[in-house]
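Shown next, in C-alpha coordinates, is the structure this report addresses.
The values are calculated or read from the model by the stated rules, or taken from the named source; none is laboratory data. Computed from a predicted model, the values in this text were never measured in an experiment. In this analysis, Cβ positions are derived from the backbone assuming ideal geometry, glycine residues included, and neighbour counts consider all displayed protein chains. Just so you know, the surface numbers come from the protein's heavy atoms only, side chains and all, with ligands and any DNA or RNA stripped out. Shrake-Rupley method; radii C 1.70, N 1.55, O 1.52, S 1.80 Å.
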Amino acid sequence: ELFSPSQKYQLLVYHADSLFHDKEYRNAVSKYTMALQQKKALSKTSKVRPSTGNAASTPQSQCLPSEIEVKYKMAECYTMLKQDKDAIAILDGIPSRQRTPKINMMLANLYKKAGQERSSVTSYKEVLRQCPLALDAILGLLSLSVKGAEVASMTINIIQSIPNLDWLSVWIKAYAFVHTGDNTRAINTICSLEKKSLLRDNVDLLGSLADLYFRAGDSKNSILKFEQAQMLDPYLIKGMDVYGYLLAREGRLEDVENLGCRLFNISDQHAEPWVVSGCHSFYSKRYSRALYLGAKAIQLNSNSVQALLLKGAALRNMGRVQEAIIHFREAIRLAPCRLDCYEGLIECYLASNSIREAMVMANNVYKTLGANAQTLTLLATVCLEDPVTQEKAKTLLDKALTQRPDYIKAVVKKAELLSREQKYEDGIALLRNALANQSDCVLHRILGDFLVAVNEYQEAMDQYSIALSLDPNDQKSLEGLQKMEKEESPTDATQEEDVDDMEGSGEEGDLEGSDSEAAQWADQEQWFGMQ
(Lines give C-alpha, C1' and ligand atoms only; values in the text may rest on other atoms or scores of the structure.)
Protein backbone atom coordinates (compact mmCIF):
# COMPACT_ATOMS: atom_id res chain seq x y z
CA GLU A 1 0.00 0.00 0.00
CA LEU A 2 2.98 2.31 0.53
CA PHE A 3 4.04 2.14 -3.14
CA SER A 4 2.71 4.14 -6.06
CA PRO A 5 0.99 2.25 -8.97
CA SER A 6 4.14 2.57 -11.15
CA GLN A 7 6.35 1.22 -8.34
CA LYS A 8 3.96 -1.74 -7.87
CA TYR A 9 4.35 -2.49 -11.60
CA GLN A 10 8.12 -2.39 -11.29
CA LEU A 11 8.16 -4.66 -8.24
CA LEU A 12 5.89 -7.24 -9.91
CA VAL A 13 8.22 -7.36 -12.94
CA TYR A 14 11.32 -7.70 -10.73
CA HIS A 15 9.62 -10.48 -8.76
CA ALA A 16 8.64 -12.29 -11.98
CA ASP A 17 12.22 -11.91 -13.34
CA SER A 18 13.59 -13.48 -10.14
CA LEU A 19 11.16 -16.39 -10.43
CA PHE A 20 12.18 -16.82 -14.11
CA HIS A 21 15.86 -17.10 -13.15
CA ASP A 22 14.93 -19.62 -10.43
CA LYS A 23 13.15 -21.64 -13.19
CA GLU A 24 9.73 -21.24 -11.52
CA TYR A 25 8.14 -20.54 -14.89
CA ARG A 26 4.44 -20.96 -14.02
CA ASN A 27 4.77 -18.65 -11.03
CA ALA A 28 6.71 -16.16 -13.19
CA VAL A 29 3.90 -16.14 -15.80
CA SER A 30 1.38 -15.41 -13.03
CA LYS A 31 3.43 -12.42 -11.78
CA TYR A 32 4.06 -11.09 -15.31
CA THR A 33 0.28 -11.27 -15.94
CA MET A 34 -0.35 -9.30 -12.73
CA ALA A 35 2.29 -6.77 -13.81
CA LEU A 36 0.58 -6.27 -17.19
CA GLN A 37 -2.77 -5.75 -15.46
CA GLN A 38 -1.13 -3.17 -13.18
CA LYS A 39 0.39 -1.43 -16.24
CA LYS A 40 -3.04 -1.34 -17.90
CA ALA A 41 -4.56 0.31 -14.79
CA LEU A 42 -1.61 2.71 -14.69
CA SER A 43 -2.17 3.73 -18.32
CA LYS A 44 -5.87 4.48 -17.59
CA THR A 45 -5.10 6.66 -14.53
CA SER A 46 -2.38 8.60 -16.41
CA LYS A 47 -4.94 9.44 -19.12
CA VAL A 48 -7.48 10.68 -16.52
CA ARG A 49 -4.96 12.95 -14.73
CA PRO A 50 -4.54 16.56 -15.91
CA SER A 51 -1.62 17.36 -18.17
CA THR A 52 0.12 19.54 -15.54
CA GLY A 53 1.84 16.56 -13.96
CA ASN A 54 3.18 15.17 -17.26
CA ALA A 55 6.58 16.83 -17.05
CA ALA A 56 7.29 15.41 -13.60
CA SER A 57 6.06 11.90 -14.44
CA THR A 58 8.01 11.53 -17.71
CA PRO A 59 11.39 10.46 -16.20
CA GLN A 60 9.67 7.89 -13.97
CA SER A 61 7.61 6.45 -16.84
CA GLN A 62 10.77 6.17 -18.95
CA CYS A 63 12.38 4.02 -16.23
CA LEU A 64 9.48 1.55 -16.15
CA PRO A 65 10.09 -1.91 -17.65
CA SER A 66 8.78 -2.13 -21.23
CA GLU A 67 5.41 -3.84 -21.63
CA ILE A 68 6.74 -5.51 -24.80
CA GLU A 69 9.74 -6.86 -22.87
CA VAL A 70 7.37 -8.30 -20.24
CA LYS A 71 5.38 -10.11 -22.96
CA TYR A 72 8.63 -11.47 -24.44
CA LYS A 73 9.60 -12.84 -21.01
CA MET A 74 6.15 -14.45 -20.71
CA ALA A 75 6.66 -16.11 -24.09
CA GLU A 76 10.05 -17.40 -22.89
CA CYS A 77 8.32 -18.94 -19.85
CA TYR A 78 5.75 -20.63 -22.08
CA THR A 79 8.47 -22.10 -24.34
CA MET A 80 10.29 -23.46 -21.28
CA LEU A 81 7.00 -25.07 -20.22
CA LYS A 82 6.62 -26.45 -23.79
CA GLN A 83 3.39 -24.43 -24.24
CA ASP A 84 4.28 -23.11 -27.70
CA LYS A 85 0.69 -22.15 -28.61
CA ASP A 86 0.49 -19.82 -25.59
CA ALA A 87 3.91 -18.34 -26.49
CA ILE A 88 2.73 -17.64 -30.06
CA ALA A 89 -0.53 -16.12 -28.76
CA ILE A 90 1.24 -13.68 -26.41
CA LEU A 91 3.73 -12.55 -29.12
CA ASP A 92 0.99 -12.32 -31.77
CA GLY A 93 -0.74 -9.84 -29.48
CA ILE A 94 2.12 -7.37 -29.96
CA PRO A 95 1.39 -4.98 -32.91
CA SER A 96 3.74 -5.66 -35.89
CA ARG A 97 5.34 -2.19 -35.74
CA GLN A 98 6.28 -2.64 -32.08
CA ARG A 99 7.97 -6.04 -32.55
CA THR A 100 11.72 -5.98 -31.97
CA PRO A 101 14.08 -8.29 -33.93
CA LYS A 102 14.31 -10.76 -31.03
CA ILE A 103 10.49 -10.97 -30.85
CA ASN A 104 10.28 -11.63 -34.59
CA MET A 105 13.07 -14.21 -34.27
CA MET A 106 11.26 -16.06 -31.49
CA LEU A 107 8.00 -15.93 -33.44
CA ALA A 108 9.73 -17.26 -36.58
CA ASN A 109 11.21 -20.22 -34.66
CA LEU A 110 7.87 -20.98 -32.96
CA TYR A 111 5.96 -20.80 -36.25
CA LYS A 112 8.53 -23.11 -37.87
CA LYS A 113 8.22 -25.64 -35.04
CA ALA A 114 4.41 -25.51 -35.35
CA GLY A 115 4.60 -26.13 -39.12
CA GLN A 116 3.31 -22.64 -40.03
CA GLU A 117 5.94 -22.12 -42.72
CA ARG A 118 4.48 -19.03 -44.42
CA SER A 119 4.22 -17.09 -41.13
CA SER A 120 7.72 -18.27 -40.19
CA VAL A 121 9.20 -16.98 -43.48
CA THR A 122 7.46 -13.60 -42.99
CA SER A 123 8.93 -13.26 -39.46
CA TYR A 124 12.45 -14.28 -40.54
CA LYS A 125 12.30 -11.72 -43.37
CA GLU A 126 11.23 -9.05 -40.88
CA VAL A 127 14.31 -9.90 -38.75
CA LEU A 128 16.55 -9.52 -41.82
CA ARG A 129 14.91 -6.21 -42.73
CA GLN A 130 15.88 -4.84 -39.31
CA CYS A 131 19.16 -6.78 -38.93
CA PRO A 132 20.57 -7.76 -42.37
CA LEU A 133 23.50 -9.65 -40.77
CA ALA A 134 21.35 -11.97 -38.61
CA LEU A 135 22.88 -15.28 -39.74
CA ASP A 136 20.35 -17.41 -37.83
CA ALA A 137 17.51 -15.71 -39.71
CA ILE A 138 19.33 -16.44 -43.02
CA LEU A 139 19.69 -20.12 -42.06
CA GLY A 140 16.02 -20.18 -40.99
CA LEU A 141 14.88 -18.95 -44.41
CA LEU A 142 17.14 -21.40 -46.27
CA SER A 143 15.80 -24.28 -44.14
CA LEU A 144 12.27 -23.31 -45.24
CA SER A 145 13.20 -23.70 -48.94
CA VAL A 146 13.54 -19.96 -49.66
CA LYS A 147 15.99 -19.68 -52.59
CA GLY A 148 19.55 -18.59 -51.85
CA ALA A 149 19.36 -15.78 -54.44
CA GLU A 150 16.30 -14.28 -52.71
CA VAL A 151 17.97 -14.41 -49.30
CA ALA A 152 21.20 -12.91 -50.70
CA SER A 153 19.23 -10.02 -52.24
CA MET A 154 18.06 -9.04 -48.73
CA THR A 155 21.67 -8.59 -47.58
CA ILE A 156 23.21 -7.10 -50.75
CA ASN A 157 23.07 -3.46 -49.57
CA ILE A 158 24.87 -4.16 -46.31
CA ILE A 159 27.51 -6.30 -48.08
CA GLN A 160 28.29 -3.41 -50.44
CA SER A 161 28.38 -0.81 -47.65
CA ILE A 162 30.70 -2.65 -45.21
CA PRO A 163 34.30 -3.56 -46.20
CA ASN A 164 35.60 -7.18 -45.98
CA LEU A 165 32.08 -8.65 -46.07
CA ASP A 166 32.22 -10.15 -49.57
CA TRP A 167 32.45 -13.66 -48.02
CA LEU A 168 28.81 -13.46 -46.85
CA SER A 169 27.29 -14.01 -50.31
CA VAL A 170 29.44 -17.16 -50.73
CA TRP A 171 28.44 -18.26 -47.21
CA ILE A 172 24.74 -17.93 -48.13
CA LYS A 173 25.36 -19.90 -51.33
CA ALA A 174 27.09 -22.67 -49.36
CA TYR A 175 24.24 -23.07 -46.87
CA ALA A 176 21.67 -22.93 -49.68
CA PHE A 177 23.38 -26.07 -51.06
CA VAL A 178 23.34 -27.59 -47.54
CA HIS A 179 19.58 -27.15 -47.21
CA THR A 180 18.83 -28.51 -50.69
CA GLY A 181 20.84 -31.68 -49.90
CA ASP A 182 23.57 -30.95 -52.49
CA ASN A 183 26.39 -32.12 -50.23
CA THR A 184 29.16 -32.16 -52.85
CA ARG A 185 28.66 -28.52 -53.92
CA ALA A 186 28.16 -27.46 -50.30
CA ILE A 187 31.50 -29.06 -49.33
CA ASN A 188 33.32 -27.43 -52.27
CA THR A 189 31.84 -23.99 -51.49
CA ILE A 190 32.67 -24.16 -47.76
CA CYS A 191 36.21 -25.37 -48.58
CA SER A 192 36.66 -22.31 -50.81
CA LEU A 193 35.44 -20.10 -47.91
CA GLU A 194 37.82 -21.77 -45.48
CA LYS A 195 40.80 -20.87 -47.67
CA LYS A 196 40.04 -17.14 -47.26
CA SER A 197 42.21 -15.54 -44.57
CA LEU A 198 39.20 -14.03 -42.74
CA LEU A 199 37.52 -17.41 -42.22
CA ARG A 200 40.55 -19.70 -41.95
CA ASP A 201 40.28 -21.97 -38.88
CA ASN A 202 36.69 -20.85 -38.30
CA VAL A 203 35.21 -23.39 -35.85
CA ASP A 204 31.64 -22.95 -37.12
CA LEU A 205 32.69 -23.63 -40.73
CA LEU A 206 34.78 -26.65 -39.71
CA GLY A 207 31.79 -28.06 -37.80
CA SER A 208 29.53 -27.58 -40.84
CA LEU A 209 32.15 -29.20 -43.09
CA ALA A 210 32.45 -32.18 -40.72
CA ASP A 211 28.66 -32.59 -40.72
CA LEU A 212 28.55 -32.43 -44.54
CA TYR A 213 31.26 -35.09 -44.90
CA PHE A 214 29.21 -37.23 -42.49
CA ARG A 215 26.06 -36.76 -44.59
CA ALA A 216 28.02 -37.64 -47.73
CA GLY A 217 29.16 -40.90 -46.09
CA ASP A 218 32.81 -39.82 -45.77
CA SER A 219 33.47 -40.78 -42.13
CA LYS A 220 37.24 -40.36 -42.36
CA ASN A 221 37.15 -36.68 -43.40
CA SER A 222 34.23 -35.99 -41.05
CA ILE A 223 36.20 -37.22 -38.01
CA LEU A 224 39.25 -35.25 -39.18
CA LYS A 225 37.28 -31.97 -39.37
CA PHE A 226 35.59 -32.56 -36.01
CA GLU A 227 39.03 -33.12 -34.45
CA GLN A 228 40.32 -29.88 -36.01
CA ALA A 229 37.33 -27.93 -34.67
CA GLN A 230 37.79 -29.50 -31.23
CA MET A 231 41.47 -28.54 -31.11
CA LEU A 232 40.61 -24.92 -31.95
CA ASP A 233 37.79 -24.79 -29.38
CA PRO A 234 38.15 -27.29 -26.49
CA TYR A 235 34.72 -26.22 -25.15
CA LEU A 236 32.88 -26.98 -28.39
CA ILE A 237 29.58 -28.85 -27.88
CA LYS A 238 27.73 -28.33 -31.19
CA GLY A 239 28.13 -31.34 -33.51
CA MET A 240 29.90 -33.47 -30.90
CA ASP A 241 26.93 -35.88 -30.85
CA VAL A 242 27.62 -36.78 -34.50
CA TYR A 243 31.37 -37.03 -33.75
CA GLY A 244 30.67 -39.40 -30.84
CA TYR A 245 28.39 -41.52 -33.03
CA LEU A 246 31.10 -41.83 -35.72
CA LEU A 247 33.72 -42.86 -33.15
CA ALA A 248 31.33 -45.44 -31.64
CA ARG A 249 30.52 -46.84 -35.08
CA GLU A 250 34.25 -47.35 -35.70
CA GLY A 251 34.57 -49.26 -32.42
CA ARG A 252 36.57 -46.53 -30.62
CA LEU A 253 34.49 -46.89 -27.44
CA GLU A 254 37.23 -45.68 -25.10
CA ASP A 255 37.47 -42.42 -27.07
CA VAL A 256 33.66 -42.11 -26.95
CA GLU A 257 33.67 -42.55 -23.18
CA ASN A 258 36.37 -39.88 -22.77
CA LEU A 259 34.47 -37.51 -25.08
CA GLY A 260 31.26 -38.00 -23.07
CA CYS A 261 33.03 -37.25 -19.77
CA ARG A 262 34.62 -34.11 -21.23
CA LEU A 263 31.28 -32.84 -22.59
CA PHE A 264 29.52 -33.45 -19.25
CA ASN A 265 32.23 -31.34 -17.58
CA ILE A 266 31.44 -28.50 -20.01
CA SER A 267 27.62 -28.69 -19.63
CA ASP A 268 25.00 -31.31 -18.81
CA GLN A 269 22.20 -29.00 -19.99
CA HIS A 270 22.77 -29.79 -23.68
CA ALA A 271 21.62 -32.92 -25.53
CA GLU A 272 25.08 -33.72 -26.96
CA PRO A 273 26.77 -35.24 -23.84
CA TRP A 274 23.77 -37.51 -23.26
CA VAL A 275 23.75 -38.64 -26.91
CA VAL A 276 27.49 -39.41 -26.82
CA SER A 277 27.07 -41.50 -23.65
CA GLY A 278 24.04 -43.15 -25.27
CA CYS A 279 26.14 -44.10 -28.33
CA HIS A 280 28.70 -45.71 -26.00
CA SER A 281 25.91 -47.76 -24.36
CA PHE A 282 24.30 -48.66 -27.69
CA TYR A 283 27.51 -49.99 -29.24
CA SER A 284 28.21 -51.83 -25.96
CA LYS A 285 24.81 -53.53 -26.57
CA ARG A 286 23.26 -51.95 -23.47
CA TYR A 287 20.12 -50.88 -25.31
CA SER A 288 17.92 -50.02 -22.32
CA ARG A 289 20.54 -47.63 -20.99
CA ALA A 290 20.94 -46.12 -24.49
CA LEU A 291 17.15 -45.67 -24.59
CA TYR A 292 17.15 -43.80 -21.27
CA LEU A 293 20.04 -41.53 -22.31
CA GLY A 294 18.37 -40.80 -25.68
CA ALA A 295 15.12 -39.89 -23.90
CA LYS A 296 17.04 -37.56 -21.55
CA ALA A 297 18.67 -35.84 -24.55
CA ILE A 298 15.27 -35.33 -26.23
CA GLN A 299 13.97 -33.87 -22.97
CA LEU A 300 16.73 -31.24 -23.12
CA ASN A 301 16.35 -30.58 -26.87
CA SER A 302 13.31 -31.96 -28.70
CA ASN A 303 14.91 -30.93 -32.03
CA SER A 304 18.03 -33.09 -31.55
CA VAL A 305 18.05 -35.35 -34.61
CA GLN A 306 20.90 -37.49 -33.26
CA ALA A 307 18.99 -38.07 -30.00
CA LEU A 308 15.90 -39.20 -31.94
CA LEU A 309 18.04 -41.57 -34.05
CA LEU A 310 19.71 -43.00 -30.93
CA LYS A 311 16.39 -43.62 -29.17
CA GLY A 312 14.85 -45.02 -32.36
CA ALA A 313 17.76 -47.44 -32.88
CA ALA A 314 17.61 -48.58 -29.24
CA LEU A 315 13.84 -49.18 -29.47
CA ARG A 316 14.30 -51.13 -32.74
CA ASN A 317 16.99 -53.38 -31.24
CA MET A 318 14.76 -54.00 -28.21
CA GLY A 319 11.98 -55.21 -30.53
CA ARG A 320 9.78 -52.12 -30.05
CA VAL A 321 9.67 -51.44 -33.79
CA GLN A 322 6.45 -49.38 -33.97
CA GLU A 323 7.75 -46.93 -31.33
CA ALA A 324 11.07 -46.75 -33.20
CA ILE A 325 9.25 -45.85 -36.44
CA ILE A 326 7.66 -42.81 -34.72
CA HIS A 327 11.11 -41.51 -33.71
CA PHE A 328 12.65 -42.02 -37.15
CA ARG A 329 9.71 -40.22 -38.80
CA GLU A 330 10.19 -37.25 -36.45
CA ALA A 331 13.92 -37.22 -37.33
CA ILE A 332 13.01 -37.14 -41.06
CA ARG A 333 10.63 -34.21 -40.42
CA LEU A 334 13.43 -32.25 -38.72
CA ALA A 335 16.19 -33.23 -41.18
CA PRO A 336 14.67 -34.21 -44.55
CA CYS A 337 18.10 -34.16 -46.27
CA ARG A 338 19.82 -36.60 -43.88
CA LEU A 339 20.00 -40.09 -45.34
CA ASP A 340 20.65 -41.81 -41.98
CA CYS A 341 17.13 -40.84 -40.83
CA TYR A 342 15.64 -42.73 -43.80
CA GLU A 343 18.04 -45.65 -43.27
CA GLY A 344 16.77 -46.07 -39.71
CA LEU A 345 13.14 -46.07 -40.83
CA ILE A 346 13.79 -48.55 -43.66
CA GLU A 347 15.63 -50.89 -41.25
CA CYS A 348 12.48 -50.81 -39.05
CA TYR A 349 10.29 -51.72 -42.01
CA LEU A 350 12.61 -54.60 -42.95
CA ALA A 351 12.72 -55.80 -39.31
CA SER A 352 8.92 -56.03 -39.33
CA ASN A 353 8.89 -57.69 -42.81
CA SER A 354 7.17 -54.64 -44.34
CA ILE A 355 9.21 -54.90 -47.56
CA ARG A 356 6.63 -53.00 -49.61
CA GLU A 357 6.76 -49.95 -47.28
CA ALA A 358 10.57 -50.14 -47.27
CA MET A 359 10.61 -50.19 -51.10
CA VAL A 360 8.26 -47.19 -51.36
CA MET A 361 10.40 -45.20 -48.88
CA ALA A 362 13.70 -46.15 -50.62
CA ASN A 363 12.27 -45.11 -54.01
CA ASN A 364 11.10 -41.78 -52.55
CA VAL A 365 14.57 -41.11 -51.11
CA TYR A 366 16.14 -42.02 -54.47
CA LYS A 367 13.88 -39.50 -56.25
CA THR A 368 14.12 -36.66 -53.71
CA LEU A 369 17.84 -36.83 -52.80
CA GLY A 370 19.04 -37.84 -56.27
CA ALA A 371 20.89 -40.83 -57.70
CA ASN A 372 24.12 -40.86 -55.69
CA ALA A 373 26.12 -43.77 -54.25
CA GLN A 374 24.27 -43.59 -50.91
CA THR A 375 20.70 -43.57 -52.29
CA LEU A 376 21.55 -46.28 -54.84
CA THR A 377 22.96 -48.48 -52.06
CA LEU A 378 19.92 -47.87 -49.84
CA LEU A 379 17.55 -48.89 -52.65
CA ALA A 380 19.73 -51.95 -53.40
CA THR A 381 19.61 -52.96 -49.71
CA VAL A 382 15.81 -53.22 -49.93
CA CYS A 383 15.96 -55.01 -53.29
CA LEU A 384 18.26 -57.67 -51.75
CA GLU A 385 15.44 -58.61 -49.35
CA ASP A 386 13.19 -59.76 -52.21
CA PRO A 387 14.33 -62.71 -54.40
CA VAL A 388 12.48 -61.15 -57.38
CA THR A 389 14.61 -57.96 -57.32
CA GLN A 390 18.10 -59.51 -56.90
CA GLU A 391 19.21 -58.50 -60.42
CA LYS A 392 18.00 -54.93 -59.85
CA ALA A 393 20.04 -54.83 -56.63
CA LYS A 394 23.14 -55.94 -58.55
CA THR A 395 22.66 -53.18 -61.17
CA LEU A 396 22.13 -50.51 -58.49
CA LEU A 397 25.24 -51.57 -56.55
CA ASP A 398 27.36 -51.56 -59.72
CA LYS A 399 26.18 -47.99 -60.40
CA ALA A 400 26.96 -46.96 -56.82
CA LEU A 401 30.47 -48.45 -56.99
CA THR A 402 31.11 -46.79 -60.36
CA GLN A 403 30.35 -43.43 -58.72
CA ARG A 404 32.27 -44.19 -55.50
CA PRO A 405 34.46 -47.32 -55.55
CA ASP A 406 35.46 -46.68 -51.90
CA TYR A 407 31.89 -46.42 -50.49
CA ILE A 408 31.98 -49.06 -47.74
CA LYS A 409 28.23 -49.75 -47.50
CA ALA A 410 28.05 -50.45 -51.25
CA VAL A 411 31.09 -52.74 -51.07
CA VAL A 412 29.56 -54.66 -48.13
CA LYS A 413 26.23 -55.15 -49.93
CA LYS A 414 27.94 -56.20 -53.19
CA ALA A 415 30.05 -58.70 -51.21
CA GLU A 416 26.84 -60.04 -49.60
CA LEU A 417 25.35 -60.56 -53.07
CA LEU A 418 28.50 -62.32 -54.37
CA SER A 419 28.51 -64.54 -51.28
CA ARG A 420 24.93 -65.65 -52.03
CA GLU A 421 26.00 -66.48 -55.58
CA GLN A 422 29.15 -68.25 -54.20
CA LYS A 423 31.37 -66.05 -56.41
CA TYR A 424 34.12 -65.92 -53.79
CA GLU A 425 37.01 -65.03 -56.14
CA ASP A 426 35.05 -62.00 -57.43
CA GLY A 427 34.28 -61.03 -53.83
CA ILE A 428 37.95 -61.26 -52.83
CA ALA A 429 38.96 -59.05 -55.78
CA LEU A 430 36.26 -56.49 -54.86
CA LEU A 431 37.31 -56.35 -51.20
CA ARG A 432 41.06 -56.16 -51.96
CA ASN A 433 40.35 -53.25 -54.30
CA ALA A 434 38.25 -51.46 -51.64
CA LEU A 435 40.95 -52.01 -48.98
CA ALA A 436 43.75 -50.67 -51.20
CA ASN A 437 43.16 -47.07 -50.06
CA GLN A 438 41.39 -47.54 -46.72
CA SER A 439 41.26 -49.87 -43.72
CA ASP A 440 37.89 -50.92 -42.30
CA CYS A 441 37.05 -53.60 -39.73
CA VAL A 442 33.96 -54.94 -41.56
CA LEU A 443 35.74 -55.19 -44.93
CA HIS A 444 38.70 -57.08 -43.41
CA ARG A 445 36.29 -59.45 -41.62
CA ILE A 446 34.26 -60.18 -44.80
CA LEU A 447 37.50 -60.71 -46.73
CA GLY A 448 38.48 -63.24 -44.03
CA ASP A 449 35.13 -65.06 -44.54
CA PHE A 450 35.68 -65.19 -48.31
CA LEU A 451 39.25 -66.49 -47.90
CA VAL A 452 37.97 -69.28 -45.63
CA ALA A 453 35.51 -70.25 -48.39
CA VAL A 454 38.43 -70.73 -50.84
CA ASN A 455 40.59 -72.54 -48.20
CA GLU A 456 43.10 -69.68 -47.76
CA TYR A 457 43.15 -70.19 -43.98
CA GLN A 458 46.39 -68.44 -43.04
CA GLU A 459 45.49 -65.20 -44.83
CA ALA A 460 41.94 -65.44 -43.45
CA MET A 461 43.42 -65.46 -39.92
CA ASP A 462 45.51 -62.41 -40.81
CA GLN A 463 42.40 -60.55 -42.00
CA TYR A 464 40.46 -61.41 -38.82
CA SER A 465 43.43 -60.20 -36.74
CA ILE A 466 43.54 -56.89 -38.64
CA ALA A 467 39.76 -56.49 -38.14
CA LEU A 468 40.15 -57.05 -34.38
CA SER A 469 43.03 -54.58 -34.17
CA LEU A 470 40.70 -51.96 -35.70
CA ASP A 471 37.72 -52.91 -33.48
CA PRO A 472 38.52 -55.22 -30.53
CA ASN A 473 34.76 -55.54 -29.81
CA ASP A 474 33.89 -57.04 -33.21
CA GLN A 475 32.34 -60.36 -32.17
CA LYS A 476 32.12 -61.87 -35.67
CA SER A 477 35.85 -61.35 -36.33
CA LEU A 478 36.64 -62.94 -32.95
CA GLU A 479 34.43 -65.93 -33.74
CA GLY A 480 36.08 -66.33 -37.17
CA LEU A 481 39.57 -66.24 -35.65
CA GLN A 482 38.66 -68.71 -32.89
CA LYS A 483 37.17 -71.09 -35.46
CA MET A 484 40.41 -70.94 -37.51
CA GLU A 485 42.54 -71.62 -34.45
CA LYS A 486 40.37 -74.63 -33.51
CA GLU A 487 40.63 -76.06 -37.02
CA GLU A 488 44.41 -75.78 -36.80
CA SER A 489 44.56 -77.59 -33.43
CA PRO A 490 45.10 -81.43 -33.55
CA THR A 491 41.67 -82.46 -32.29
CA ASP A 492 39.30 -84.86 -33.94
CA ALA A 493 36.03 -83.84 -35.57
CA THR A 494 33.96 -85.19 -32.65
CA GLN A 495 35.74 -82.94 -30.18
CA GLU A 496 35.22 -80.01 -32.51
CA GLU A 497 31.49 -80.71 -32.64
CA ASP A 498 31.40 -80.83 -28.81
CA VAL A 499 33.18 -77.47 -28.65
CA ASP A 500 30.76 -76.05 -31.20
CA ASP A 501 27.84 -77.23 -29.05
CA MET A 502 29.40 -75.58 -26.01
CA GLU A 503 29.92 -72.40 -28.03
CA GLY A 504 26.27 -72.43 -29.04
CA SER A 505 25.13 -72.74 -25.42
CA GLY A 506 27.56 -69.93 -24.46
CA GLU A 507 25.99 -67.63 -27.03
CA GLU A 508 22.55 -68.37 -25.65
CA GLY A 509 23.83 -67.59 -22.16
CA ASP A 510 25.12 -64.22 -23.37
CA LEU A 511 21.77 -63.43 -24.90
CA GLU A 512 20.01 -64.37 -21.68
CA GLY A 513 22.38 -62.12 -19.77
CA SER A 514 21.64 -59.19 -22.09
CA ASP A 515 17.91 -59.77 -21.64
CA SER A 516 18.20 -59.68 -17.85
CA GLU A 517 20.22 -56.47 -18.11
CA ALA A 518 17.58 -55.00 -20.42
CA ALA A 519 14.86 -55.92 -17.92
CA GLN A 520 16.85 -54.32 -15.11
CA TRP A 521 17.23 -51.09 -17.10
CA ALA A 522 13.57 -51.21 -18.12
CA ASP A 523 12.66 -51.20 -14.40
CA GLN A 524 14.95 -48.22 -13.82
CA GLU A 525 13.43 -46.59 -16.88
CA GLN A 526 9.98 -46.81 -15.30
CA TRP A 527 11.45 -45.36 -12.10
CA PHE A 528 12.80 -42.41 -14.07
CA GLY A 529 9.42 -42.03 -15.81
CA MET A 530 10.93 -42.61 -19.24
CA GLN A 531 8.80 -44.46 -21.79
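Roughly what angle does helix 424-435 make with the longest principal axis of the chain, taking Cα atoms, 0 to 90 degrees, to the nearest 10?
Orientation of helix 424-435: about 40 degrees from the principal axis.
With an 8 Å Cα cut-off and a minimum separation of 6 or more residues, compute the relative contact order for region 193-350 in percent.
14
Calculate what fraction, in whole %, of the accessible area of the chain sits on carbon and sulfur atoms when a 1.4 Å probe is rolled over the protein chains.
51
Can you give the angle from 0 to 90° between the axis of helix 408-420 and the longest principal axis of the chain, with both taken from C-alpha atoms, to the nearest 10?
That helix lies at roughly 30 degrees to the long axis.
Could you give the angle, 0 to 90 degrees to the nearest 10, between helix 339-351's Cα long axis and the longest principal axis of the Cα atoms of the chain?
60
Compute the distance from the alpha-carbon center of region 228-247 to that of region 312-347, in whole Å.
When both Cα centres are located, 23 Å separates them.
Tell me, how many Å apart are the Cα centres for region 160-182 and for region 248-303?
33
Net charge around residue 24, counting only other residues with Cβ within less than 14 Å of its Cβ (Lys, Arg = +1; Asp, Glu = -1)?
Here the count lands on +1.
Between residue 80 and residue 368, with labels modelled 7 Å along Cα→Cβ, what's the label distance in nm to one decimal, could you check?
3.6
About its Cα centre, what dipole magnitude does region 380-455 give when the only charges are +1 on Lys and Arg Cβ and -1 on Asp and Glu Cβ, stated in debye to the nearest 20?
The calculated dipole for region 380-455 is roughly 160 debye.
Assigning unit charges at the beta carbon (Lys, Arg +1; Asp, Glu -1) and nothing else, what dipole magnitude in debye, to the nearest 20, does region 308-422 show about its Cα centre?
200
Can you give the calculated 222 nm mean residue ellipticity of the chain, where each DSSP H run of n ≥ 4 adds -39,500 (n - 2.57) and the sum is split over every residue, rounded to the nearest 500 deg cm²/dmol?
Value at 222 nm, helices only: -24500 deg cm²/dmol.
Rounded, prolate or oblate: which one fits region 242-396, using the alpha carbon gyration tensor with axes a ≥ b ≥ c (rounded when a/c is under 1.5, else prolate when a/b beats b/c, else oblate)?
The shape class here is prolate.
For the chain, what relative contact order do you get, as a whole percent, if you take Cα pairs closer than 8 Å and at least 6 residues apart?
6
Cβ under 10 Å from residue 470's Cβ, residue 470 left aside: what net charge do those residues give with Lys, Arg +1 and Asp, Glu -1?
Within the 10 Å Cβ shell, the charges total -2.
Please report, in debye to the nearest 20, how large the charge dipole of the chain is about its Cα centre when each Lys and Arg carries +1 at its beta carbon and each Asp and Glu carries -1 there.
For this selection, approximately 4880 debye.
Quick one: Kirkwood hydrodynamic radius for the chain, alpha-carbon pairs, angstrom, one decimal?
27.1
Over what distance in Å are the Cα centres of region 369-418 and region 101-119 separated?
41
May I ask you to order 288-295, 351-358 by the average number of other C-beta atoms within 10 Å around their residues, highest value first?
Descending packing order for the listed peptides: 288-295, 351-358.
Could you tell me the calculated FRET efficiency between residue 390 and residue 334, based on Cβ-Cβ distance and R0 = 35 angstrom, to the nearest 0.05?
E(calc), rounded to 0.05, equals 0.50.
Give me the accessible area per residue for the chain, probe 1.4 Å, as a whole number in Å².
53
In the neighborhood of residue 261, defined by Cβ-to-Cβ distances under 12 Å, what is the net charge if each Lys or Arg adds +1 and each Asp or Glu adds -1?
-3
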